1. For I82, what residues show an amide H to amide H distance below 5 Å, using hydrogens built from the backbone and excluding near sequence neighbours?
2. Can you tell me the length gained on complete extension of the stretch E101 to V42, counting 0.36 nm per residue apart and subtracting the Cα distance?
3. Given points 7 Å out from each Cα along the Cα-Cβ axis, report the D26 to D92 separation in nanometres with one decimal.
4. Amide H of R96 versus every other amide H placed in the peptide plane: which residues, excluding those fewer than 5 positions away on the same chain, fall under 5 Å?
5. How large is ³J(HN,Hα) for each residue in the stretch 48-62, as worked out from phi by the Karplus curve 6.51 cos²θ - 1.76 cosθ + 1.60 (θ = phi - 60°), to whole Hz, x for Gly and Pro?
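Each reported figure results from applying straightforward, stated rules to the coordinates on display, with no laboratory input. Nothing here was measured: the structure is a model prediction, and the numbers come from that model. Glycine gets a Cβ as well: all are built from the backbone with ideal geometry, and neighbour counts include every protein chain shown.
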Amino acid sequence: MPMPSPAVAGRDGEPWPLPNCQEARDELLPYADHPVALHERVLLLACLDEYGSLPVTGCLHVLRESAQPVAVLAALIVKGVIVADLDAGPLDPWTRIRRAEPTATDWLENRA
């Protein structure tokens, strides 16, 4: 029986399940507190809304104006804003990135 993945606080303080791949965990956790500018988040989410998903290389192209595009991408993954399949291994140029599904809290906040 597999052990549950440890978690860090994600969007809205909900736990973000870390991937089973230890290397992916070790690479992403240092970026948990990296600041992400509003324009970076909005730009990437708009592209993901339009295309559905993008490879990491596509996301980095979208974030090319950012001083640290890889750090921005990693921070958004840890915060639960975007999703990457990291159970198979660490982030690589072909890893697909997609927008995270909105939570019930997101829906309630948008109704007000």
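1. Here I77, A100 satisfy the definition.
2. Going from the current span to full extension adds 19.7 nm.
3. For the pair D26/D92, the computed spacing is 1.7 nm.
4. Here D85 satisfy the definition.
5. My calculation for the stretch 48-62 gives 5, 5, 6, 9, x, 8, 9, x, 3, 4, x, 5, 5, 5, 4 Hz in order.
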